[in-house]
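Structure record follows, encoded as structure tokens.
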């Protein structure tokens, strides 16, 4: 894998590969370069016999604020996917399912904001540990569309998913663990040690067994329809993009920082949350 400044890779423990999203000035917004680097590094770890588990975390104040709305994400996508309406949603879902389909487990270490595409990335990891003061949500439901990767009903149930889709509100790390998005919420100062302890325990199990253990849980979810439902959700996301409200909002994007900030404020000001409320939660990993 060619080195990428947007992703830092290290080995904090024997058998543990750690990937740190490294765009802190952009709140680790997911552009195509970063998405490609994540997938390549995880695939490389999956093929490396010395690695038994991987960790994903974010540098700076948060895990990830979502897809990079200031970038032209239709250009230089990290892998091919068929075109037509809904191409972007299908593309990112196919990408995150590549994490799902890896042999070795991937742990998301979530602090600060974990929003929109960032929450989709975390959701496709096998285990998720969050800081208690983290904020997880999908605010684009307010003026753009439902998620590309509609994991919410599967992880959190119908009522919680419905509330998040209809309001775009965020939940805390404590709520995320209680509702089933995360395995556990811990005080921010304990997040890294908690994740490394879990990763260390997983690394004690031979990969030939770990991959079967991982696959057994996934196959049960797939028999219940998870993969088909999430893929079907990409068509509904495309339908939302065709609505007048979504088109009017997206037409204002000029792919520069000030325009994106203004439009996010336009979206969230009536709700008085996200950047329109308290300082961003969380700290450095």
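Read-outs: derived from the displayed coordinates by stated rules, not from any lab. Treat the numbers as computed from the prediction; the structure is a model and nothing was measured. Cβ coordinates were reconstructed from backbone atoms using ideal geometry, including for glycine residues, and neighbour counts include every protein chain displayed.
Distance from the alpha carbon centroid of the stretch 15-79 to that of the stretch 91-121 works out to 9 angstrom.
Computed over the chain, the Cα gyration tensor eigenvalues convert (square root of 5λ each) into semi-axes of 28, 21, 19 Å, ordered from largest to smallest. Mind grabbing the base-10 log of I(q)/I(0) for the stretch 196-240 at q = 0.14 Å⁻¹? Debye formula, identical points on the C-alpha positions, no solvent, two decimal places. Reported log10 I(q)/I(0), two decimals: -0.55. Among 166, 56, 7, sorting on how many other beta-carbon atoms sit within 10 Å of each Cβ, with the fewest leading, yields 166, 7, 56. Here is how the number arises for the chain: DSSP H runs of 4 or more residues each give -39500 (n - 2.57), the sum is divided by the residue count, and the result at 222 nm is -13000 deg cm²/dmol. If all Cα-Cα distances of the stretch 109-246 are sorted into 10 Å bins from 0 onward, what percent lands in each bin, rounded to whole numbers? Going from the shortest bin to the longest, the percentages are 12, 38, 33, 14, 3, 0. Normalised by 2.2 N^0.38 Å, where N is the number of residues, the alpha-carbon radius of gyration of the stretch 1-121 equals 1.02. Sorted ascending by nearby beta carbons within 10 Å, beginning with the fewest, 88, 96 become 88, 96.
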